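Worksheet: the structure to be examined is printed underneath.
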Amino acid sequence: DGVTLNTKSIQSAIEACSKAGGGTVWFPAGKYLSGTIYLKSNITLYLDAGAVLEGSKNLKDYPVTVSKIKSYTDNYTDKSLIYGEGLEHIAITGKGIIDGNGASFEHNGPYKNRPYMIRIINCKNVQVRDININNSPMWVQHYLSCEDVSITGISVNSRVNSNNDGIDIDGCDNVRISDCSIFSGDDGIVLKSTLDKICNNVTITNCVISSDCNAFKLGTETNGGFQNITFSNCTIYDTHLAAITLQLVDGGTMDRVSISNVTMSNVGAAI
């Protein structure tokens, strides 16, 4: 009903599904209020059309979760709505909505007082598809040191707080992002390397992006750097800073980056 806290019920369903060998945890139409949910291997979260997974407005419902992999991102967060680490074959999909209730958290407040919505660390075979992700308190989604990530057909609408990055790909291998719509308060689609690991083999195509900061960005954190990156067939509009930003501020390398077939309008700078 959007009022009762459903964290324990949702987590129990995930645990039961995992013990049965994996499968789909289905959210039919309705509102589900929750604090932190911990994913398991071989689990799909499926939000049906009309289903809304709402992040709790109470910070106490997001327990501190310290990742085993250490990176500069540890300065930014230790709380998330959906969290997975060291997993395989996980997915978040469906035509429903994940809403972080980001406006309920102090605007420009301390980083760790504003949870991420989705944080996936050291996972393999990750799919995020078709879902609508709205109103984050902090970064919308963060994929750190993951392998084989596919993000397809999602919509991000988040300009309700600070640091509302649309998609953060951080030190990952083999990533495919396509057919997404990003309307973000901070960088739209941004590649980072907050640990000494290169962000490698990433392709981004057929996306529409608008940002209060930069639309497509490599950086700011670049400890490892970037190689084999393509960004193509995208439309960028109403972007306050640059449509395309390429940065190396922490050392690292930037090799074999291809940008092509990009249109833009009303941007602060092209490149």
Seminar exercise, completed: Taking protein heavy atoms only, a 1.4 Å probe, and rounding to whole percent, the accessible area of the chain owed to carbon and sulfur comes out at 48
Problem set entry | Cα gyration tensor, the stretch 214-271 - rounded (a/c under 1.5), prolate or oblate | oblate
Exercise. Tell me, what ³J(HN,Hα) does each residue in the stretch 190-206 have, in order and in whole Hz, if you take phi through Karplus 6.51 cos²θ - 1.76 cosθ + 1.60 with θ = phi - 60° and put x for Gly and Pro?
Worked result: 10, 9, 9, 9, 7, 10, 7, 9, 5, 7, 10, 6, 10, 10, 10, 8, 6
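Starting from the Cα-Cα distance between residue 26 and residue 88, subtract it from 0.36 nm times their residue separation and give me the gain in nm to one decimal.
20.4 nm
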Problem set entry | Interchain or long-range residues, amide H under 5 Å from residue 133's placed H | 98, 155, 156, 157
Problem set entry | Two-site FRET efficiency, residue 74 against residue 263, from Cβ-Cβ distance with R₀ of 45 Å, rounded to 0.05 | 0.75
Problem set entry | Alpha carbon centroid spacing (whole Å) that separates the stretch 29-52 from the stretch 149-228 | 23
Exercise. When the Karplus curve 6.51 cos²θ - 1.76 cosθ + 1.60 is applied with θ = phi - 60°, which whole-Hz ³J(HN,Hα) does each residue of the stretch 37-53 get, with x for Gly and Pro?
Worked result: 10, 9, 6, 10, 4, 6, 10, 10, 8, 10, 9, 5, 4, x, 8, 10, 8
Seminar exercise, completed: All alpha-carbon distances of the chain, grouped into 10 Å bins from 0, give the whole-percent distribution 8, 32, 39, 18, 3, 0
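Summing -39500 (n - 2.57) over the DSSP H runs of n ≥ 4 in the chain and dividing by its residue number, what mean residue ellipticity at 222 nm do you reach, to the nearest 500 deg cm²/dmol?
Values: 1 runs with 13 residues, N = 271.
Rounded to the nearest 500, the figure is -1500 deg cm²/dmol.
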Problem set entry | Distant-in-sequence amide H partners of residue 121 (H built 1.01 Å from N, under 5 Å) | 84, 85, 86, 144
Problem set entry | Cα gyration tensor, the stretch 47-133 - rounded (a/c under 1.5), prolate or oblate | oblate
Problem set entry | Paramagnetic reach from residue 203 (point 7 Å along Cα→Cβ, amide N under 17 Å) across the stretch 129-166 | 147-153
Exercise. Let a ≥ b ≥ c be the square roots of the eigenvalues of the Cα gyration tensor of the stretch 70-187; is it rounded (a/c under 1.5), or, if not, prolate (a/b larger than b/c) or oblate?
Worked result: oblate
For this session: Go through the stretch 19-36 residue by residue and turn each phi into a ³J(HN,Hα) via Karplus (6.51, -1.76, 1.60, θ = phi - 60°); whole Hz please, and just put x for glycine and proline.
Result: 5, 7, x, x, x, 10, 9, 9, 10, x, 3, x, 10, 10, 8, 8, x, 4
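When ligands, DNA and RNA are left out and all protein chains stay put, how many square angstrom of accessible area per residue does the stretch 159-271 have with a 1.4 Å probe? Intermediate results must be reported in sequence, preceding the final value.
On the way: 4060 Å² over 113 residues.
Here the residues of the stretch 159-271 average 36 Å² of exposed surface.
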Exercise. Relative to the present Cα-Cα distance, how much length would full extension add between residue 174 and residue 8 at 0.36 nm per residue of separation?
Worked result: 56.4 nm
Problem set entry | Neighbourhood charge, 11 Å Cβ-Cβ cut-off, centred on residue 190 and excluding it, Lys, Arg +1 and Asp, Glu -1 | -4
Exercise. What accessible area per residue comes out for the stretch 1-155, rounded to a whole number of Å², with a 1.4 Å probe?
Worked result: 41
Seminar exercise, completed: Residues whose built amide H sits under 5 Å from the amide H of residue 267, excluding neighbours closer than 5 in sequence, are 239
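The values are calculated or read from the model by the stated rules, or taken from the named source; none is laboratory data. Since this is a predicted model, take the numbers as computed values, not measurements. All Cβ positions, even for glycine, are placed from backbone atoms using ideal geometry, and neighbour counts span all protein chains on display. When the accessible area is computed, the model is the full protein with side chains, heavy atoms only, and any ligands, DNA or RNA have been set aside. Shrake-Rupley method; radii C 1.70, N 1.55, O 1.52, S 1.80 Å.
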